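First the structure, in the form of structure tokens, and then the observations on it.
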Amino acid sequence: MSFLEMENVSVTLGDTAVLEKISMRVEEGEFVSILGPSGAGKSTLFRLLTGGLPLQGGRISFGGEPLAARKNGFAFMPQRDALMPWRRIIDNLTLGLEVQGTRRREARAKVMPLLADFGLEGFADHYPAQLSGGMRQRAALLRTVVLGRPMQLLDEPFGALDALTRIQMQRWFEARWQKARWTSLLVTHDIREAVALSDRIYVLSPRPARVIAEFAVPIPRPRLVEAPGAQAHAIESELLETLLQQTREHP
Amino acid sequence: MLPAPSRVVDQIVQNRALLWANTIPTVKATCAGFALSLSVSFGLSVALDFMPRLRRALFPIFVVSQTLPLVAIAPLVVLWFGFDLTPKILIVALVTFFPMLVALVDGYEATDREIEDLMRSMGASRLQVFRSARLPSAMPYFFAGLRISITYAVVAAIFAEYVGARAGLGIVILNAKNSFRPDLVLAAVVISSLLTLCLFGCTALLQRVVLGWRDVEGHR
Ligand SMILES: Nc1ncnc2c1ncn2[C@@H]1O[C@H](COP(=O)(O)OP(=O)(O)O)[C@@H](O)[C@H]1O
Ligand SMILES: [Mg+2]
């Protein structure tokens, strides 16, 4: 049985069918991406996993149990960084630990040694507004990672960054991921990003979202140190074709 | 005929003992009334935030309470509670309570949904979400409401005194008017304006402490 399994998951919000019979799986240690157009329902899928929405139809199991039985399985990184503007970076980073009941001092002691690795050394006492977009994103990621949860859910983590910063962040992220091998589910609408980071990719249709294709990406890592090779290009074109075909059918 | 500013200043200096003695009851009524309205509106706002159905039921009633004309209500309150401090406190509270409640309730609603989703994904309870996300999000709204209400508060206190009291700036104004002393009326008005400015300054100071994070570079 897979680490995370969704079977025929459907969600209707108001009168809008958002997810339609979504089935996916993620193995332990695997990096899986969900690629789909904006407004398809990707963030909604994450809200379902993190308990923001009740399960309406279908089945989700996590670590061999029904999702409802597993508390605190996911570390979630929301689409915008969702840093609290009134908290200093260090206090943003310890938020999750505090919620779990860790004392502030212990939480800080746990986070401080990780700052350097995330390029945040010397910025612990800054407010989020004083940081660059890339730094804020790294802070949001560290806030997620520090919880030590079995699986990461990343909702378009690099979507708001300018092109250059985004590539730098992706490289940095790939190196970081190779060390830690977090089981991850990444939502993105950036084809290149999906191919660069994933072991497997699910492609969603426009809303109501269905899984229309599944791609494996058997390219050795690191993939972002050099320019993408022929194999990556081939997968990228195929993905693009799949997505464009969809929008042609649903203009 | 408007007395010259120099004459008004002159009156303030000459009547400083009288003005000072009558400023103190007004300050007391303003501060106590405002404290009452703050604690009630905060307590109620928390209750309403946790019980949206209660909010829908009670909000119309609060709105109605705001439509009552103060000129009619104030004499009744004085009639029921006498000439002491109590009716003034109640009138100040009545006038300032609603803007504070609305500011807080709107402020909670303005919380970034992604921050709430994030906290819930961390396993936070409803109370933790309130304390760490909704309450801090409401602070800018709270202070906007506070600055408006504090100016209403002084006016309400003086009006309440005017309707019936033993002492206070409202009484000074009433007596001066009755004895045709516009210079003394204006002297009391100047004092009440200074009082308002003073309280306004206090809220601004408090805001700088609580919302200090908004003053860092990068904001605005
Ligand atoms: N509470 C809601 N009621 C009705 N429709 C909603 C609600 N929340 C989101 N939606 C709709 O669901 C769709 C999917 O939203 P979302 O999951 O954020 O998309 P994505 O993350 O893929 O861009 C959007 O088209 C949005 O309009
Ligand atoms: Mg989204």
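Within region A:32-48, which residues are more than 9 Å from ligand 2 (Cβ to nearest atom) and of a type in the set (S, T, N, Q)? A:Ser33, the sole residue that qualifies. Listed by position, the strands (runs of 3 or more DSSP E) contained in region A:5-120 that have at least 1 residues being surrounded by fewer than 17 Cβ atoms within 10 Å (Cβ to Cβ) are A:16-26, A:57-62.
Taking region B:49-164 as the region of interest, the helices (runs of 4 or more DSSP H) fully inside it that hold 1 or more residues being within 14 Å of another protein chain (Cβ to nearest Cβ) are B:85-109, B:113-121, B:126-129, B:135-163. Could you say whether any residue in region A:134-141 is within 16 Å of ligand 1 (Cβ to nearest atom), closer than 18 Å to A:Phe31 by Cβ and in contact (Cβ under 8 Å) with a residue 24 or more places away in the chain? Scanning region A:134-141, I find no residue that is within 16 Å of ligand 1 (Cβ to nearest atom), closer than 18 Å to A:Phe31 by Cβ and in contact (Cβ under 8 Å) with a residue 24 or more places away in the chain, so the answer is no. Residues that are free of Cβ contacts under 8 Å to residues at least 60 places away in the same chain and within 13 Å of ligand 1 (Cβ to nearest atom) were ranked within region A:11-43; the one that is nearest to A:Ala69 (Cα to Cα) is A:Val11. Of the numbered conditions (1) more than 16 Å from ligand 2 (Cβ to nearest atom); (2) within 14 Å of chain B (Cβ to nearest Cβ); (3) at pLDDT below 90, A:Phe173 fails exactly one; give the number of that condition. So A:Phe173 meets the others, but not (2).
Within region A:157-174, being outside any helix (DSSP H, G or I) and either more than 16 Å from ligand 1 (Cβ to nearest atom) or not assigned by TED's automatic domain parsing to the domain that holds A:Phe46 (or both) holds for A:Leu161, A:Asp162.
Looking at A:Ser38, is it hydroxyl-bearing (Ser, Thr, Tyr) and in contact with an Asp or Glu (Cβ under 8 Å, 6 or more places away or on another chain)? Spelling it out, it is not the case that A:Ser38 is hydroxyl-bearing (Ser, Thr, Tyr) and in contact with an Asp or Glu (Cβ under 8 Å, 6 or more places away or on another chain). Set side by side, the residues A:Ala194, A:Ala232 differ, and just one is in a helix (DSSP H, G or I), within 16 Å of ligand 2 (Cβ to nearest atom) and among the hydrophobic types (A, V, I, L, M, F, W, C), which is A:Ala194.
The values are calculated or read from the model by the stated rules, or taken from the named source; none is laboratory data. It should be emphasised that the depicted structure is a prediction, and the values quoted were computed from it without experimental measurement. Please note: Cβ atoms are built from the backbone with ideal geometry, for glycine as well, and neighbour counts cover all protein chains shown.
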